[in-house]
């Protein structure tokens with residue numbers, strides 16, 4: 001079963017094209033790492049999949065998945081260091097996509113937020129101010145918010161940026177668990193080319209004209225040959 | 001006590017009291033998002049546009065509120081667009097728009113009437129200028145602002161905290177940004193009568209900044225801002241009545257004192 005199909009998709013901004021004629025399928029329970037140098041179009045591709053930018057050509061097809069039910073974790077959420085927001089307020093905001101025209105959270109949304117806080121082991125931080133947390137804790141809060149928005153697909157844009165080694169390993173472990181034990185499909189943009197940290201089963205490598213999409217094993221072998 | 005009774009025996013004070021409380025409430029509501037999105041200058045820019053609009057309306061002899069509110073809303077949409085496609089930098093654009101409006105307003109008033117106290121009233125506000133119709137318009141619009149804010153609250157929070165995420169889960173960010181810009185425009189224009197074009201933005205910014213010194217939850221900051229805003233207004237109005245000082249300026253000073261007090265408390269709390 002697949003969740004998303006990209007058919008001949010070309011993406012870009014105004015007058016310039018970033019990615020041309022991309023064909024790929026995202027299967028259920030995949031864990032895809034997207035790698036590539038700066039400016040190779042990793043974030044652009046993700047925005048295309050999320051529907052934040054419209055393809056200039058081609059089609060993105062969603063199967064068994066609504067476009068706004070993807071859990072997105074943007075690259076470095078720029079938060080003012082004095083922004084007043086509790087962890088709970090932030091995590092709850094992830095449930096907005098299931099509210100339809102309703103304006104206020106009900107028990108269903110609150111339970112969902114509590115469930116995901118517990119799942120990531122941060123339920124004790126519930127009433128803490130987001131800005132007082134460490135980098136690793138913040139990422140988990142944002143991950144919990146994304147989990148409130150989806151039960152199927154997470155898209156993470158460089159989630160391990162600015163994390164120390166220990167928090168990074170901790171985050172990777174959590175992501176693997178979500179993928180293996182909770183059946184959540186994950187797409188993760190990463191800069192981390194250390195083979196041990198290419199934790200997904202598939203790799204999409206964007207490098208100017210050379211696009212590779214295949215299993216992680218194959219990719220590692222290929223890189224060794226080069 | 002007797003001075004309070006005396007104060008409310010004047011119709012213009014009662015009018016100012018009603019309008020002022022509503023405006024203070026609305027201004028503090030929208031202030032939180034404006035300040036946190038680093039858009040405080042938009043409030044300031046819009047107030048200058050309001051000044052220009054009031055001047056034109058006065059000269060043409062048309063109802064100032066009915067003319068100014070739509071015009072300011074249109075300009076606020078324009079500023080939103082300028083912020084989006086950032087060929088001109090956002091704050092430069094606001095600076096250009098606000099200076100031009102101020103200049104056009106002053107120019108028009110002076111060639112048609114000669115420079116008189118009118119300009120002063122527009123710039124610094126005058127509680128004497130609030131009439132019966134203003135009250136009705138203010139009450140209706142304030143209720144609209146409050147209802148729209150309450151019903152969009154969770155979405156406004158999501159957009160204020162992280163617009164990209166909000167957009168990805170289907171929150172209509174462009175629509176809410178427009179709703180929000182309209183609310184700002186209405187509050188600014190309504191508040192200008194009382195506070196004047198130069199002082200109205202402080203009514204939007206101060207209560208939020210004060211609250212952020214002590215409170216760390218979005219909801220607590222909003223509730224605290226409302227309380228600070230209303231108390232500062234009442235104290236400011238009372239003092240201005242007793243000592244015959246300009247109302248707008250006195251309210252801003254009351255806000256400033258609250259801010260300094262909260263700042264001091266937060267410093268003490270950190271040291272502990």
Positions within region B:142-151 being within 10 Å of another protein chain (Cβ to nearest Cβ) and either closer than 15 Å to residue B:31 by Cα or surrounded by 23 or more Cβ atoms within 10 Å (Cβ to Cβ) (or both), in sequence order:
B:150
State whether one or more residues within region B:156-172 are more than 10 Å from every other protein chain (Cβ to nearest Cβ), part of a helix (DSSP H, G or I), in contact with a helix residue (DSSP H, G or I) (Cβ under 7 Å, 6 or more places away or on another chain) and surrounded by fewer than 23 Cβ atoms within 10 Å (Cβ to Cβ).
no
Of all residues in region A:57-87, which are more than 13 Å from chain B (Cβ to nearest Cβ) and surrounded by fewer than 16 Cβ atoms within 10 Å (Cβ to Cβ)?
A:57, A:59, A:61, A:63, A:64
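Let's see how each residue does on (1) within 14 Å of chain A (Cβ to nearest Cβ); (2) over 16 Å from residue B:149 (Cα atoms); (3) touching a residue at least 12 places away in the same chain (Cβ under 8 Å); (4) surrounded by fewer than 17 Cβ atoms within 10 Å (Cβ to Cβ):
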position: B:175; (1), (2), (3), (4): yes, no, no, yes
position: B:178; (1), (2), (3), (4): no, no, yes, yes
position: B:233; (1), (2), (3), (4): no, yes, yes, no
position: B:244; (1), (2), (3), (4): no, yes, no, yes
Per the filter on region A:100-118, residues assigned to a loop (DSSP other than H, G, I, E, B) and more than 8 Å from every other protein chain (Cβ to nearest Cβ) are A:100, A:101, A:102, A:106
Single residue of A:210, A:221, A:126 found to be surrounded by fewer than 21 Cβ atoms within 10 Å (Cβ to Cβ), at negative phi and outside the structural domain of residue A:2 (by TED's automatic domain parsing)
A:126
Output the residues belonging to region A:152-181 that are in a loop (DSSP other than H, G, I, E, B) and touching a helix residue (DSSP H, G or I) at 6+ places or on another chain (Cβ under 8 Å).
A:152, A:159, A:160, A:162, A:163, A:164
How about region B:216-231: which of its residues are surrounded by fewer than 20 Cβ atoms within 10 Å (Cβ to Cβ), out of contact with any strand residue (DSSP E or B) (no Cβ under 6 Å at 6 or more places or on another chain) and within 10 Å of chain A (Cβ to nearest Cβ)?
B:219, B:220
Tell me, yes or no, whether region B:191-204 has at least one residue that is within 13 Å of another protein chain (Cβ to nearest Cβ), touching a helix residue (DSSP H, G or I) at 6+ places or on another chain (Cβ under 6 Å), assigned to a helix (DSSP H, G or I) and touching a residue at least 60 places away in the same chain (Cβ under 8 Å).
no
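The values are calculated or read from the model by the stated rules, or taken from the named source; none is laboratory data. Note that this is a predicted model, so its numbers are computed, not measured. In this analysis, Cβ positions are derived from the backbone assuming ideal geometry, glycine residues included, and neighbour counts consider all displayed protein chains.
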